[in-house]
1. Which value in nm describes the separation of the simple spin-label points at residue 73 and residue 310, placed 7 Å from the Cα toward the beta carbon?
2. For residue 170 and residue 7, compute 0.36 nm times the residue count separating them, minus their Cα-Cα distance, and round to one decimal in nm.
3. So if I place +1 on the C-beta of Lys and Arg and -1 on the C-beta of Asp and Glu, and nothing else carries charge, what would the dipole magnitude of the chain be about its Cα centre? I want it in debye, nearest 20.
4. I need the per residue convex hull volume for the stretch 78-126, using only the alpha carbons, in cubic angstrom as a whole number.
5. Between residue 18 and residue 323, what is 0.36 nm times their sequence separation minus the Cα-Cα distance? Round to one decimal in nm.
6. What whole-number value in Å² describes the accessible area per residue of the chain for a 1.4 Å probe?
7. What do you get for trypsin sites (Lys or Arg not before Pro) in the stretch 88-125 restricted to DSSP loop and a cutoff of at most 13 other Cβ within 10 Å of the site's Cβ?
8. For the stretch 57-101, which whole-number percentage of the solvent-accessible area (1.4 Å probe, protein heavy atoms only) is attributable to carbon and sulfur atoms?
Amino acid sequence: MLTRADLAALPEYVPGRTLPGAIKLSSNEVPYGPLPGVVESVTQAMASAHRYPDMAVVTLRERLAQRLGVSPDRIATGCGSVALAEHLATVTCRDGDEILFAWRSFEAYPILTATAGAVAVRVPNTPAHGHDLPAMAAAITERTRLIFVCNPNNPTGTAVRRDELAKFLDAVPSDVLVVLDEAYREFVTDDAVPDGLAAFGDRPNVVVLRTMSKAWGLAGLRVGYLVASPEVAATVRKVVTPFSVSGLAQAAAVAALEAEEEMRRRVQLVIAERERVASAVRSLLPEVPPTQANFVWLPLSGDRATAFAAACEAGGVLVRPFAGDGVRVSIGTPEENDAFLAIAHTFFSAG
Ligand SMILES: Cc1ncc(COP(=O)(O)O)c(C=O)c1O
């Protein structure tokens with residue numbers, strides 16, 4: 001066998017489906033196109049496309065540092081935050097070490113765990129579909145090297161609060177790295193849900209992971225970043241695939257950061273729609289948990305998740321089923337959401 005035998009069982013990452021002409025509510029994107037200034041900046045950057053980009057991503061790291069109030073040496077960038085999550089496994093784990101996370105959560109975690117040759121320790125979510133932090137703390141062993149706390153959690157939309165997270169972090173040994181994966185931070189409206197960087201960023205074993213893909217509208221250009229201690233950030237920068245943030249991606253991210261006001265305006269539209277969609281769906285399916293992200297989670301057991309996703313697809317709307325567990329529906333434009341709600345109404349009213 002030419003490749004590692006243990007990778008034969010590796011599940012493939014399943015991206016949200018795309019079908020020409022269909023409404024895409026399957027990948028947690030924001031539906032309003034690139035932010036103002038992004039297309040122009042990328043077009044300009046094309047003139048240098050025959051050159052390698054700035055490998056140290058200096059301008060973007062400086063802009064992020066200014067915005068976040070940290071020094072640039074605490075920042076590492078990557079080809080999407082998912083790549084950084086992978087790099088964090090690389091820099092913490094050797095064969096047989098453990099990576100701990102809630103389940104169900106972001107589907108990349110088990111894949112990157114296996115890729116690193118580490119062992120996944122999955123702690124089931126609470127009946128309310130949120131992280132069970134006390135159980136996660138109890139699951140830490142001397143092999144635990146890395147912990148993901150996905151806040152808000154993909155795909156359930158639930159979020160952990162400041163006090164419970166502080167208590168959890170206090171319980172984690174100082175030589176175990178905790179990643180606060182905040183891909184959906186910009187959509188959080190509950191004040192009790194902490195900004196991981198502001199609340200816990202000064203702890204040396206905490207890493208805050210963020211992305212330009214969601215609220216900032218750059219999913220197609222692949223830029224993520226992390227804020228960590230200078231030592232951890234420097235180690236991650238060493239293992240990042242060289243030039244993995246392209247010149248176009250850097251130009252786009254810098255331009256997007258300049259359009260923060262418009263980003264906030266769009267996020268407000270998404271939040272208003274999220275509340276409307278969540279309450280409409282909850283009237284059909286009362287178990288739908290409160291969401292702090294740009295998607296809603298419909299817990300559906302047995303074959304109901306795939307059946308509902310198929311019904312949505314037949315009606316021209318793509319959602320993200322997790323077989324046996326539920327369906328995640330991203331928030332789109334009001335018209336797109338209406339199309340989804342009409343299908344949901346028919347499906348759930350029929351029992
Ligand atoms: C929780 C979470 N983290 C990280 C990512 C990765 O996003 P990206 O690689 O586009 O930055 C996603 C994307 O779906 C996510 O849901």
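1. My value for the distance between the label points is 5.8 nm.
2. Details: separation 163, 0.36 × 163 = 58.68 nm, distance 3.47 nm.
That works out to 55.2 nm of additional length.
3. On the way: 32 positive and 39 negative charges, 71 e Å.
Roughly 340 debye, rounded to the nearest 20.
4. Details: hull volume 3.0 nm³, N = 49.
Each residue corresponds to 62 Å³ of Cα convex hull volume.
5. Working: separation 305, 0.36 × 305 = 109.80 nm, distance 1.83 nm.
Extra length available between residue 18 and residue 323 comes to 108.0 nm.
6. Working: 15150 Å² over 351 residues.
About 43 Å² of surface per residue is accessible.
7. On the way: sites: 94, 104, 122; in loops: 94, 104.
Within the stretch 88-125, the qualifying trypsin sites (Lys or Arg not before Pro) (loop, at most 13 other Cβ atoms within 10 Å) are 94.
8. 42 percent
The values are calculated or read from the model by the stated rules, or taken from the named source; none is laboratory data. A quick note: this is a predicted structure, and the numbers were derived from the prediction, not measured. Cβ: placed from backbone, ideal geometry, glycine included. Neighbour counts: every protein chain shown. Note: accessible area is taken over every heavy atom of the protein model, side chains too, but ligands, DNA and RNA are not part of it. Shrake-Rupley method; radii C 1.70, N 1.55, O 1.52, S 1.80 Å.
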